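Colleague: Submitted below is the structure of interest, expressed as structure tokens.
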Amino acid sequence: MKRIEKKLKELSQDNQKAFVGYIVAGDPDLETSLQLMHLSVDSGVDILEIGVPFTDPIAEGPTIQQAHDRSLENETNLQKIIDLICKFREKDTNTPIILMGYINNFLMYKDLINRSHELGVDGVLVVDIPGELSLEDYGIDNQDLDIISLVSPTTSKERVKEIVKNSTGFIYYVTLRGVTGSSNLDGNEIEQNIKYIKSISSIPVMAGFGIKNSDDAKLLSSFSDGIVIGSSIVELIYKNSENKDFHEVSDYISNMKDAIR
Amino acid sequence: MKDNLPDKDGFFGEYGGKFVPETLMYALNELEQTYKTLKDNNDFNAEFHRDLAEFVGRPSPLYFAKRLTENYNTASIWLKREDLNHTGAHKINNTVGQILLAKYMGKKRIIAETGAGQHGVATATVAARLGLDCHIYMGSEDVRRQSLNVYRMKLLGAEVHEVNSGSATLKDALNEALRDWVTNIEDTYYIIGSVTGPHPYPMIVRDFNAVVGYELIDQSQESFGRMPDSIIACVGGGSNAMGIFYPFIKMDNVELIGVEAAGKGIETGEHAAPLNDGTPGVLHGAKSYLMQDESGQVKGTASISAGLDYPGVGPEHSWLKDIKRAKYVAVSDDEVMKAFHMVNKMEGILPALETAHAFAYLDELMPNMNKDQHIVINVSGRGDKDLNSVVEIEDIKL
């Protein structure tokens, strides 16, 4: 069984929701990223989403954009990120890892991405490729890698059908119209749309974008299989990256995990 | 046929497409459907052409550049005078068309990105005319270089948002406009200013701006009895070039030449010439030639012209390059300044620095032409907006 499927199955058997946590690889540096990956898992993250920095991340709000910029100043690239994941796997072989980024970076490392499963990667989420398109057509082709797709409040029902067909692992439901780190969640609309996805497919659905506090997390986890949190974690990492004391990150993650129990 | 692209998925060969976050797909599909319905609608076209005639002042003249022709003493040089349009550049053709789409779609809020400010001014102009809320994104570096245009946009009632992220130029303004669009998707129309971005934009912008090329067909026939031998246009994103090239793509005996910004020189790496020194990649929703490093990160650009200072290029140009239907060359900042002075002194025309790139290629082209040939330069815009930059570059005390 694939690692993402296995993890989600275990959680659901325990009647628990999944916590997907996002950090940008290389912010503040790759060594610290390794430390933060382990710390996140120890504090309650079930699935790690590793942001691949890009110069022009059009779906990101200022918090994650700036994290991308900081990471790029360290010349982070996909090869170095895969090396980071290999190091992480020396100590943790259970936590699923998803690479999240933009198509232009993935295209430059096609061969590496196609080999990445054996190196410890479980899935890829390419933000700027429409979900009804197949990544195989762009040379990214490995049956062992889960292909995570986004569905948004503006996705038509017809397109949702096409998107779930091409997706494995889980569907990432974008909870608002906007970039990462925005606010204004509409609980009612989110509930309706996730219900629709679940009515046509058995694939798990995670809800993300705009989750700031434990109330948001609690609400969204009540009608999804789990939640994704990015900007808030990235912000706390940045705030503490000077002295590298990440207690606040750890506390935040534990609180959120408690909120969705 | 070479002029029936893009295909149904928005590709010109391998270039183009819709590489955008999911939230935008709905808006792009809505726009594509609307355009499909309207482009052959008689009322829509009548309104578009009436606006072009009465508000923009079309057709723009085809003007014989007598002294320039005598200077090179080979082919006749003709100028397609887009600089005489209302707001001073070809950019108004596209915005007049797209604001009509926005009107038919019932959108109340208009956003746009701008580099040199010409597209921002053209957008603010058409938005003012319809009383629509208008927001322009502009890199802070460009705000500085093009302060006159910033003031013009404000006069027209637009809000100008300064963008400080990344290199603070056109590409970052485009990122920020896309982020605004993702956030305000339902009531907002995004007027992209070049033949770039996700499908259907490269097609829509080309079609609206192709009025330049269609006029040139008739004007060439009237002025010298046949089609031109060569058409020369500057290329940043490539909308002025695409507009004048498009109707000629199927006429194989008309040479199409796009001139990119070589900045400090192609060999220095400090330029804005992806077709000359880039590789295929995906930026701002489309696959096209791109200035990028081996990790797929987009590189910084350098050009004295804010309007050409962009690391990507329209997908149709990438395709025309690959099938060798158009030729893409590049000229340096120094060559551009020389041409800028030449056009002022010999023809009494103040070209935009973008446009001066097309003129700067004459030194290389003209010695190989004969006296019975005719070439056309697209004078894409006028240079009043660049006077501050020129004064600064040449260290002149006013």
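Taken together, the values in this text are just the output of simple stated rules run on the coordinates, not laboratory data. On a predicted model such as this, the values are computed, not experimentally measured, just so you know. Every residue, glycine among them, receives a Cβ derived from its backbone with ideal geometry; neighbour counts consider all protein chains shown.
Colleague: State log₁₀ I(q)/I(0) for the protein assembly as shown at q = 0.05, 0.12 Å⁻¹ as given by the Debye formula over alpha-carbon point scatterers of equal weight, solvent excluded.
Modeller: For the requested q values the scattering log ratios are -0.24, -1.19.
Colleague: Using unit Cβ charges (K, R positive; D, E negative) and no other charged atoms, how large, in debye to the nearest 20, is the dipole of chain B about its Cα centre? Each step should come with its number before you reach the end.
Modeller: Details: 39 positive and 55 negative charges, 150 e Å.
With Lys and Arg at +1 and Asp and Glu at -1, about 720 debye.
Colleague: Return a whole-number percent for the relative contact order of the stretch A:3-259, with Cα pairs under 8 Å and 6 or more residues apart as the contact set.
Modeller: Computed over the stretch A:3-259, the figure is 21 percent.
Colleague: Something else: Can you give the average number of partner chain beta-carbon atoms within 10 Å of each beta-carbon in peptide B:20-33, as a whole number?
Modeller: 6
Colleague: Averaged across A:169-176, how many Cβ atoms of other chains sit within 10 Å of each residue's Cβ atom?
Modeller: Rounded to a whole number, the mean comes out at 1.
Colleague: Using all C-alpha to C-alpha distances in the stretch B:263-371, build P(r) with 10 Å bins and read off the rounded percent in each one.
Modeller: The calculated distribution, bin by bin, is 14, 40, 33, 12, 1.
Colleague: Could you please tell me the mean projected area of the C-alpha convex hull for the stretch B:79-118, averaged over all directions and given in square nanometres to one decimal?
Modeller: Averaged projected area of the stretch B:79-118's Cα convex hull equals 3.4 nm².
Colleague: Separate question: Please work out the Kirkwood hydrodynamic radius for the stretch B:90-174, using every pair of different C-alpha atoms, and report it in angstroms with one decimal place.
Modeller: Values: mean 1/r = 0.0800 Å⁻¹.
Taking the inverse mean of 1/r over all distinct Cα pairs, the stretch B:90-174 comes out at 12.5 Å.
Colleague: Distance from the Cα centre of the stretch A:69-114 to that of the stretch B:279-304, in angstrom?
Modeller: 21
Colleague: For the stretch A:84-139, what value does the Rg/Rh ratio take when both radii are computed over Cα atoms and Rh is the Kirkwood radius, given to two decimals? Show your work: numbers first, answer last.
Modeller: Values: Rg = 12.1 Å, Rh = 12.1 Å.
Radius of gyration over Kirkwood radius for the stretch A:84-139 works out to 0.99.
Colleague: Have a look at the stretch A:35-125 and give its Rg and Dmax from the Cα atoms, expressed in angstrom.
Modeller: That works out to 13.0, 34 Å for Rg and Dmax.
Colleague: Kindly write out, for the stretch A:180-193 in residue order, the coupling ³J(HN,Hα) from the Karplus curve 6.51 cos²θ - 1.76 cosθ + 1.60 (θ = phi - 60°), rounded to whole Hz, with x marking Gly and Pro.
Modeller: 4, x, 6, 10, 6, 7, 10, x, 4, 5, 4, 4, 4, 5
Colleague: Can I ask one more? So for the stretch B:35-141, what percent of the C-alpha to C-alpha distances run longer than 20 Å?
Modeller: Percentage above 20 Å: 51.
Colleague: Once every Cα of the stretch B:174-222 carries one equal point scatterer and solvent is ignored, give the base-10 log of I(q)/I(0) from the Debye formula at q = 0.18, 0.23 Å⁻¹, two decimals.
Modeller: Result of the Debye calculation: -0.65, -0.85.
Colleague: Just rank B:I393, A:I237, fewest to most, by other beta-carbon atoms within 10 angstrom. Before the final figure, lay out each step's value.
Modeller: Values: B:I393 14, A:I237 23.
The most exposed by this proxy come first: B:I393, A:I237.
Colleague: So, one more: Please report the net charge: other residues with Cβ closer than 9 Å to the Cβ of B:S239, K and R +1, D and E -1.
Modeller: Taking every Cβ under 9 Å from that of B:S239, the sum is +2.
Colleague: From the helices alone, meaning DSSP H stretches of at least four residues, give me the mean residue ellipticity at 222 nm for the protein assembly as shown, per-run term -39500 (n - 2.57), in deg cm²/dmol to the nearest 500.
Modeller: -12500 deg cm²/dmol
Colleague: Kindly put B:R145, A:R3 in sequence by how many other C-beta atoms sit within 10 Å of each C-beta, fewest to most.
Modeller: A:R3, B:R145
Colleague: Turning to a different aspect of this structure: Please compute, for peptide A:47-58, the average count of beta-carbon atoms on other protein chains lying within 10 Å of each residue's beta-carbon. Working shown, then result.
Modeller: Values: counts 0, 0, 0, 0, 0, 2, 2, 5, 16, 14, 5, 15.
Counting other chains' Cβ atoms within 10 Å and averaging over A:47-58 gives 5.
Colleague: Follow-up. When N is the residue count of the stretch B:123-268, what does its C-alpha Rg come to as a fraction of 2.2 N^0.38 Å? Intermediate values should be presented prior to the final figure.
Modeller: Values: Rg = 18.1 Å, N = 146, 2.2 N^0.38 = 14.6 Å.
Rounded to two decimals, the normalised Rg is 1.23.
Colleague: Oh, and also: Across the stretch A:3-259, how large is the tail of the calculated P(r) beyond 30 Å, expressed as a percent of all Cα pairs?
Modeller: 19
Colleague: May I pose another question? Could you put B:K171, B:K250 in order, starting from the residue whose Cβ has the fewest other Cβ atoms within 10 Å?
Modeller: The fewest-first ordering by Cβ neighbours comes to B:K250, B:K171.
Colleague: At 25 °C and 0.890 mPa s, what whole-number value in µm²/s does Stokes-Einstein give for the translational diffusion of the stretch A:60-192, with Rh from the Kirkwood sum over Cα pairs?
Modeller: So the translational diffusion coefficient is about 151 µm²/s.
Colleague: Mind putting together the pair-distance distribution for the stretch B:311-398? All Cα pairs, 10 Å bins, whole percent per bin, short to long.
Modeller: 14, 40, 32, 12, 1
Colleague: So if I take the alpha carbon set of chain B, get Rg, then get Rh from the Kirkwood formula, what is the Rg over Rh ratio?
Modeller: Rg divided by Rh gives 0.94.
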